[in-house]
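The structure under discussion appears below in the form of C-alpha cells.
The values are calculated or read from the model by the stated rules, or taken from the named source; none is laboratory data. All figures in this text were calculated on a predicted structure; none of them were measured in a lab. Here the Cβ is made from the backbone with ideal geometry for all residues, glycine too, and neighbour counts use every protein chain on show. For accessibility, only protein heavy atoms count, side chains too; no ligands or nucleic acids. Shrake-Rupley method; radii C 1.70, N 1.55, O 1.52, S 1.80 Å.
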Amino acid sequence: MLRGSLKLGSLFGVPIFIHWTFLLLLAWFMSGPLLAGGPDAVGASLRVGFFVLAIFGCVLLHEFGHVLAARGFGVPTRDVTLLPIGGVARLERMPEKPAQELLVALAGPAVNVVIAAVLIPLVLILGGGAALVSGEAGAEGAARSDVAGALLGHHANFLAALAKVNVLLVIFNMIPALPMDGGRVLRSLLAMVTDRARATAVSAVLGQLLAVGFALLGVLSGNILLIVIAAFVFLGAGGEAQAEQIRSALVGLPVRAAMITHFKCLRASQRLREAAGELLAGSQQDFPVLRDDAMDLDATALVGVLTRSDLVRAVAAGQMDDRVSTVMTPLGPFAREDDDLREVLERARQGEGGVPPIIGVVRSDHVGAPLRLVGLITAENVTELVMLRHAAMASRR
C-alpha cells in the first residue's frame, strides 16, 4: 500500500486502496461545470464526477486483469491502489518465464478491449453512433466544456465517451515504456531471444527516452498531467532496471554469500548513549537487540533491531539516556546459511513494510540445540554484494 491511501475494501482477497490525491483530481474535474455556471451546473458537475468514477472503475478492472492472470501462475498480489494517473497492482513478483510475463502484461489492456467491445454495440443500439466519432470525449473534455450536462445527459453519449476512454487506455498502456504494460510486453518478447537482464535494460532505456519526450511535450503544451506521467515512467523504468540488476546478480547465491559475520548485539536496557558509542566505534549501522538475561548470540532471545536512522532521531530528540528498547523496531525473519538469498529477500519483502533493516541468519549446531545468531543480512551488504558481482562480471567480458 502506498502512503496516504485509504482502504476501500477487497476483491478476490486483494485489498483495494485509493490515494488521497485522487480526491483532488475528482474535485478538479467536478469544478469545471460549476465554474462555467449555467442553470444545470450542479447536475453537470455530478454527472462529470460519476463519469470520472466510471473511468476509474474501468482502471480497477484493468488492474484485476493483471491480478487474476498473475494468480493463474502462482503469483499473489499484495494490493491494488488507485492513483490520479491510474492504478497500481503490487504483485509479489513478475513471472520470470517470458511467456507468462507476456500474458500477465496483456491481461490488463485485454480487459479494456472487452469493455470497449461491449460498450460500442450498446452505443449503436441506443442510437449514439455519432458520439463515437465526436470531438471532445472523456472526463477532462466534459469537465472543461460548458455543455458538459448535454454531453453526459444522454445514456448513449455517456457510454460512447466511456468506450473511447477504454480504447485510449489500451493505446496508452501499450506504449513500450517500462513500467507500463507495453514496456513489460516488450521486455518479455526480448527475453525470448536474449537474457532477462539485457531485455530489461533495453526496455528501461527506451522507457526513459519516451518519458523525456512526454515531459517535453507536457512543457510545450502546458499539460501538467503529462509531466507527472513522464516523471512516473522515468523513475519507474530506472527502478525496474535496478531491481533486475539486483535479481540477476543474486541468482544461485546462498545467504552466507551476503551475510555479515562480525557484528555486535545490544541489550534492551542499554542506554542510547552507549548505542551511539557503538555506532561511532565501528562500521555497523543496525544492531540486533537481545533480552538482558540472554546469552550472547541466542537467537531465541532477540527482541528487536535498533537502526541507525531510529538512533539518530532519538539522539536529535534528546533521548540519549533512554533505553534501547524504547526506540527499537521489530526484528525481521530468520534465515539459514544455505537458504537461497533471493528467496529469503522475496519472503521478507512480502511482509508488512517491505524488507526489514536486518534479517538474522541462524544456525543450530546439532538436532535439539538452541538457535545461534551467526550472521546478519542488511540492505547495505546486499547492495555491496551486487556491486562486486557486477564488477566481477564486467572484468570477464
Filter result for Pro333 (farther than 30 Å from Ala201 by Cα and surrounded by fewer than 19 Cβ atoms within 10 Å (Cβ to Cβ)): yes
Against the condition open to solvent by less than 30 Å² (accessible area, probe 1.4 Å) and within 23 Å of Ala163 (Cβ to Cβ), how does Gly9 come out, does it pass? no
Filter result (touching a residue at least 24 places away in the same chain (Cβ under 8 Å) and in a strand (DSSP E or B)) within region 9-30: Leu11, Val14, Pro15, Ile16, Phe17, Ile18, His19
Sole residue being in contact with a Lys or Arg (Cβ under 7 Å, 6 or more places away or on another chain) and surrounded by 14 or more Cβ atoms within 10 Å (Cβ to Cβ), chosen from Phe29, Phe17: Phe17
Residue by residue through region 178-202, note down the ones that are farther than 17 Å from Ala249 by Cα and under 20 Å from the mean Cα position of the chain (by Cα). Leu178, Pro179, Met180, Asp181, Gly182, Gly183, Arg184, Val185, Leu186, Arg187, Ser188
Have a look at Arg71, Arg93 and point out the one that is in a helix (DSSP H, G or I), closer than 28 Å to Arg247 by Cβ, of a type outside the set (Gly, Ala, Ser) and open to solvent by 50 Å² or more (accessible area, probe 1.4 Å). Arg71
Just checking: which of the helices (runs of 4 or more DSSP H) contained wholly in region 279-397 hold 2 or more residues that are closer than 20 Å to Ala257 by Cα and free of Cβ contacts under 8 Å to residues at least 12 places away in the same chain? 379-395
Given Gly282, Gly354, which one is at positive phi and either open to solvent by less than 50 Å² (accessible area, probe 1.4 Å) or at pLDDT 90 or above (or both)? Gly354
Of all residues in region 303-341, how many are among the charged types (D, E, K, R), closer than 18 Å to Ala268 by Cβ and touching a Lys or Arg at 6+ places or on another chain (Cβ under 9 Å)? 3
Residues that are open to solvent by 50 Å² or more (accessible area, probe 1.4 Å), in contact with a helix residue (DSSP H, G or I) (Cβ under 6 Å, 6 or more places away or on another chain) and at pLDDT 90 or above: does region 127-147 have at least one? no
Leu2 is checked against (1) modelled with pLDDT under 90; (2) farther than 24 Å from Val228 by Cβ; (3) open to solvent by 60 Å² or more (accessible area, probe 1.4 Å) and fails just one. What number does that condition carry? (2)
Residue hits (region 223-240; among the aromatic types (Phe, Trp, Tyr) and either at pLDDT below 90 or open to solvent by less than 70 Å² (accessible area, probe 1.4 Å) (or both)) are Phe232
What about Val80, is it assigned to a helix (DSSP H, G or I), crowded, with 20+ Cβ neighbours inside 10 Å, touching a helix residue (DSSP H, G or I) at 6+ places or on another chain (Cβ under 7 Å) and among the β-branched types (Val, Ile, Thr)? no
Those residues of region 245-266 which are open to solvent by less than 50 Å² (accessible area, probe 1.4 Å) and part of a loop (DSSP other than H, G, I, E, B) amount to Leu250, Leu253, Ala258, Met259, Phe263, Cys265
Tally time: how many residues in region 31-68 are assigned to a helix (DSSP H, G or I), among the small types (Gly, Ala, Ser) and out of contact with any helix residue (DSSP H, G or I) (no Cβ under 9 Å at 6 or more places or on another chain)? 1
Hits in region 164-222 - residues which are polar (S, T, N, Q) and either part of a helix (DSSP H, G or I) or open to solvent by less than 40 Å² (accessible area, probe 1.4 Å) (or both): Asn166, Asn173, Ser188, Thr200, Ser203, Gln208, Ser221
So, Ala317, is that one out of contact with any Pro (no Cβ under 8 Å at 6 or more places or on another chain), open to solvent by less than 60 Å² (accessible area, probe 1.4 Å) and modelled with pLDDT of 90 or more or not? no
Of Leu373, Leu341, Leu302, the only residue that is aliphatic (A, V, I, L, M), within 24 Å of the chain's Cα centre (by Cα) and at pLDDT 85 or above is Leu341
